[in-house]
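Each remark here refers to the structure printed beneath this line.
Taken together, the values in this text are just the output of simple stated rules run on the coordinates, not laboratory data. Only a predicted model underlies this, so the values are computations on that prediction, with no experimental measurement involved. Positions of Cβ are generated from backbone atoms using ideal geometry, with glycine treated the same way; all protein chains shown enter the neighbour counts.
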Amino acid sequence: MSELAIGDIAPQFDIPRDGGGTVSLQTFAGKPVVLYFYPKDDTSGCTTEALAFTALLPEFEKTGAAVIGVSPDTVKKHDKFVEKHALAVILGSDEDTAVANLYGVWKEKSMYGRKYMGIDRTTFLIDAHGRIANVWPKVKVAGHAEEVLKAVQAL
C-alpha cells in the first residue's frame, strides 16, 4: 500500500474494540476522527501516548472529534490496558493488521540488527468529510496529543 496523503479519502474499517463490540470509521461520519496507530499495549511510549490522548479527550470532544487508537493487540489486552491506566479513548484491535496495511503503517522495522514487521507509530487526522487532513508519521510521543488537538481545533 502506498502512503496516504493529505486530501486522500480515509480507508474505511470495522474492527473489534475494547469493551466489546466494534469500531468503524463510518460511525463517526460527519465528525473529525483522530486515528492513531501504536505498536503495543502497556509499553512505555504507547502508555504515555494513550494517557496524553485520554487527558485531552474532553478538549477533543468539545470539537466533536473522536479519538481512536489502533494496535495489533487483542481486545482482551486492550481491556487490561484500559483498566490498568483508566484510559478513555477507543482502542481498536487490528490483529490481522488489515487496517494498518490500509493506512500504510505496517512496515519493516529493525531493532538490534533484527528485522521484523511492526506498526510505525503514526497519527491521522480525518476531517468531517472523511478526508485525511493531516498525517504525523514516526510520532515522537512527548507533546504529540497537544499538537494533534491544535490541528483538530484549526479544522
message: Using a Gaussian network model on the chain with a 10 Å cutoff between Cα atoms, which of 131, 17, 114 fluctuates the most?
response: 114
Proximal charge balance of residue 126 [Cβ under 12 Å; K/R count +1, D/E count -1]: 0
query: Measuring from label point to label point, each 7 Å out along Cα→Cβ, what is the residue 97 to residue 55 span in nm?
result: 3.2 nm
- request: Find how much the distance from residue 40 to residue 110 grows on full extension, using 0.36 nm per residue of separation minus their present alpha carbon separation; answer in nm with one decimal.
  value: 23.6 nm
statement: A correct fewest-to-most ranking of 71, 93 by other Cβ atoms within 10 Å would be 93, 71
- prompt: What percent does the relative contact order of segment 14-153 come to when contacts are Cα pairs within less than 8 Å and at least six residues apart?
  reply: 31 percent
message: To make sure I understand, if each residue's beta carbon is the centre and we count other beta carbons within 10 Å, what order do 82, 33 fall in, fewest to most?
response: 82, 33
field: DSSP-assigned coil residues among GluC sites (Glu not before Pro) in segment 50-139, each with at most 14 further Cβ atoms within 10 Å
entry: 95
- prompt: When the Cα centres of segment 32-82 and segment 86-127 are compared, how far apart do they sit, in Å?
  reply: 12 Å
field: Ellipticity estimate at 222 nm from DSSP helix runs (n ≥ 4, -39,500 (n - 2.57)) divided over the chain, nearest 500
entry: -8000 deg cm²/dmol
statement: The answer for chymotrypsin sites (Phe, Trp or Tyr not before Pro) in segment 1-51 that fall in a DSSP coil and have at most 11 neighbouring Cβ atoms within 10 Å is none
